[in-house]
Amino acid sequence: MQLNSRQLRAFLLVAQQRNFSRAADLLGVTQSGLSVLIRDLETQIGFRLFDRTTRHVSLTEFGAEFHPVVERTLSDLESAVHRIARSASTQERCLTIGATQFMSTYVMPAAIAEFNASSLGVQARLVDSDRANICPLVESGKLDMAVGIFLRPGCGVQGAPLVQGSFSAVRAGSPAKRRRAITWADLAHETLILLPDENPIQQRVNEQLSRIERGHADLVFNHIETQVAMAETGAGVAIVPSLTLPAFRRRKIEVHDLIDPIVPLEIWQIWNSAGRQRDDMATFTDFLKRYIVDWAG
């Protein structure tokens, strides 16, 4: 049998209306066209569905037995189509967003929760990843986009800065103490708490440190959180991105803006260079810019 939904719909309408003319109008076909659909259906299934006179249409015994089966089949089919369509639509409007360690710890979880609750028609999902893995994940399409501090675009991805900050020096002290800007040259005789040289944030710092003579050995740690924690103990002065400072408001530290020069450092957004930035990505980007500005004060 090669039954189709149009034949089954025609059968249900005739059974409901008990009238070929009204059923044809509802199906949007001529009465003769409806008769052809019913006749073809009866031919395929091998039994008559209706007793028909000039004044009356009724289901045969076999038609009455066939009716609930067809009704249930079409109902299940329509429900499945609607459910799958909703799922496909939701999937198309879901953004998978990667973030570097600091961003995925302090910024993105609350940002995504607020965004998803805003009913903008797009849902975001966070993936935390190492900095080295994010560009390949974006390039492969496993991530729709990614954000990170100084996460400049690499091969196969495009990018744009979201928010710009600079660098600050952090040492043990009172957080209530008024900040006093210091120069990079003022760090010459300090024990500095730094990130590894391969970290792109540290590479920006090293460009400035190479211009001053330093007499102390550096302490090197893998994460900004460890830098700040060590500075809090009095172990030295940590050089950190100013955009990270809101995460450490409760630390017993004092913060100094680094000047002469003021060195810019951005939070970047990257996406796959094979395609243009989608509308839903632009919606999230606009939201995230506002969120980070508010978060960073």
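The values are calculated or read from the model by the stated rules, or taken from the named source; none is laboratory data. This one's a predicted model, so the numbers in the text were calculated from it and none came from an experiment. Here the Cβ positions follow ideal geometry from the backbone for every residue, glycine too, while neighbour counts run over all protein chains shown. The accessibility values were calculated without ligands, DNA or RNA, using every heavy atom of the protein model including side chains. Shrake-Rupley method; radii C 1.70, N 1.55, O 1.52, S 1.80 Å.
In table form, for the structure just shown:
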{"read-out": "Using θ = phi - 60° and Karplus 6.51 cos²θ - 1.76 cosθ + 1.60, couplings along segment 128-135 (whole Hz; Gly, Pro as x)", "value": "8, 8, 5, 3, 5, 8, 5, 4"}
{"read-out": "Sum of side-chain charges, F47 neighbourhood, beta-carbon under 15 Å (Lys, Arg +1; Asp, Glu -1)", "value": "-2"}
{"read-out": "Rg followed by Dmax, in Å, when segment 1-141 is reduced to its Cα trace", "value": "26.6, 80"}
{"read-out": "Within the accessible area of the chain (1.4 Å probe), percent carbon and sulfur", "value": "49 percent"}
{"read-out": "Percent of C-alpha pairs per 10 Å bin, segment 117-240, short to long", "value": "11, 34, 29, 19, 7, 1"}
{"read-out": "log10 of Debye I(q)/I(0), alpha-carbon scatterers only, for segment 119-171 at 0.17, 0.22, 0.24 Å⁻¹", "value": "-0.66, -0.92, -1.01"}
{"read-out": "Percent of beta bridges antiparallel (DSSP, the chain, rounded to nearest 5)", "value": "60 percent"}
{"read-out": "Residue list for segment 108-136, given a label point 7 angstrom along the Cα-to-Cβ vector of D286 and an amide N cut-off under 13 Å", "value": "120-122"}
{"read-out": "Residue-by-residue Karplus 3J(HN,Hα) for segment 5-22, coefficients 6.51, -1.76, 1.60, Hz, glycine and proline x", "value": "5, 5, 5, 5, 5, 4, 4, 5, 5, 5, 5, 6, 7, 6, 7, 5, 5, 5"}
{"read-out": "Computed E for D76/D51 - FRET, C-beta separation, R0 25 angstrom, nearest 0.05", "value": "0.35"}
{"read-out": "Listed values (1) 1, 5, 10, 13, 14, 15, 14, 12, 8, 5, 2, 1, 0; (2) 1, 5, 9, 11, 12, 10, 8, 7, 7, 7, 8, 7, 5, 3, 1, 0, 0; (3) 1, 5, 10, 12, 11, 8, 7, 6, 5, 4, 4, 4, 4, 4, 3, 4, 4, 3, 2, 1, 0, 0, entry calculated as P(r) over Cα pairs in 5 Å bins from 0, in percent", "value": "(3)"}
{"read-out": "Solvent exposure of the chain as accessible area per residue, Å², 1.4 Å probe", "value": "54 Å²"}
{"read-out": "Karplus-derived 3J(HN,Hα), 6.51/-1.76/1.60, for each residue of segment 195-208, Hz, glycine and proline x", "value": "8, x, 4, 6, 6, x, 5, 5, 4, 5, 5, 4, 4, 7"}
{"read-out": "Cα centroid separation, segment 32-47 to segment 109-163 (Å)", "value": "56 Å"}
{"read-out": "Centre separation in Å (Cα based) which lies between segment 226-297 and segment 182-217", "value": "19 Å"}
{"read-out": "Exposure rule at most 10 other beta-carbon atoms within 10 Å, DSSP loop GluC sites (Glu not before Pro): the chain longest free segment", "value": "1-197"}
{"read-out": "Relative contact order (%) - the chain, alpha-carbon pairs under 8 angstrom, separation at least six", "value": "20 percent"}
